[in-house]
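The values are calculated or read from the model by the stated rules, or taken from the named source; none is laboratory data. Since the model is a prediction, treat every value here as computed from it, not as a measurement. Counting neighbours? That spans all protein chains shown, and the Cβs are built from the backbone with ideal geometry, glycine included.
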């Protein structure tokens, strides 16, 4: 029975960090939805592949540095700070792409897959770099 106690040591930390991560993914989803000029979830329900590609890339681009923040943080407050930074980076990526592709809202709404893949790929690339930079 001692092996069970030993193997569950740290489970409270797991629950804390996992719970915080889920909360941050939800916060990111809401904030990203506010920033984008179109409703990704509605477009995805309608079968819009461009919206699906862009939102998937943004989520992965946020979750990768979030995972890095969990791995490298020294405490939950540290993790939350870096999670917030990851969120800001993803919002800045969207703003930068919107400046490059001025009619992005129309293109995503029309289901132009190339635009969605481009936005998703840049979001993912920024997330990978962001996660790699979160080492100390």
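Assess whether residue 111 counts as being touching a helix residue (DSSP H, G or I) at 6+ places or on another chain (Cβ under 7 Å) and at positive phi. Criteria met by residue 111. Evaluate the stretch 51-62: report whether one residue or more is over 23 Å from residue 102 (Cα atoms), out of contact with any helix residue (DSSP H, G or I) (no Cβ under 6 Å at 6 or more places or on another chain) and at pLDDT 95 or above. Within the stretch 51-62, not a single residue is over 23 Å from residue 102 (Cα atoms), out of contact with any helix residue (DSSP H, G or I) (no Cβ under 6 Å at 6 or more places or on another chain) and at pLDDT 95 or above. Under 19 Å from residue 126 (Cβ atoms), surrounded by fewer than 17 Cβ atoms within 10 Å (Cβ to Cβ) and within 12 Å of the chain's Cα centre (by Cα), is that true of residue 56? For residue 56, the condition - under 19 Å from residue 126 (Cβ atoms), surrounded by fewer than 17 Cβ atoms within 10 Å (Cβ to Cβ) and within 12 Å of the chain's Cα centre (by Cα) - is not met.
Among the conditions (1) touching a helix residue (DSSP H, G or I) at 6+ places or on another chain (Cβ under 9 Å); (2) under 30 Å from residue 10 (Cβ atoms), the only one that residue 26 does not satisfy is (1). Filtering the stretch 21-40 down to residues that are surrounded by fewer than 17 Cβ atoms within 10 Å (Cβ to Cβ), touching a residue at least 40 places away in the same chain (Cβ under 8 Å) and farther than 18 Å from residue 98 by Cβ, which residue is nearest to the chain's Cα centre (by Cα)? Among residues in the stretch 21-40 that are surrounded by fewer than 17 Cβ atoms within 10 Å (Cβ to Cβ), touching a residue at least 40 places away in the same chain (Cβ under 8 Å) and farther than 18 Å from residue 98 by Cβ, the one nearest to the chain's Cα centre (by Cα) is 25.
In this structure, is residue 16 at pLDDT below 95 and either surrounded by fewer than 10 Cβ atoms within 10 Å (Cβ to Cβ) or farther than 23 Å from residue 121 by Cβ (or both)? No: the conditions fail for residue 16. Residue count for the stretch 41-65 satisfying the condition of being touching a residue at least 60 places away in the same chain (Cβ under 8 Å) and assigned to a helix (DSSP H, G or I): 17. Within the stretch 7-19, residues that are at negative phi and in a helix (DSSP H, G or I) reach partners that are surrounded by 10 or more Cβ atoms within 10 Å (Cβ to Cβ) and at pLDDT 90 or above with beta carbons closer than 9 Å, at six or more positions or on different chains, in the pairs 13/76; 16/76; 17/70; 17/73; 17/76; 17/79; 18/70.
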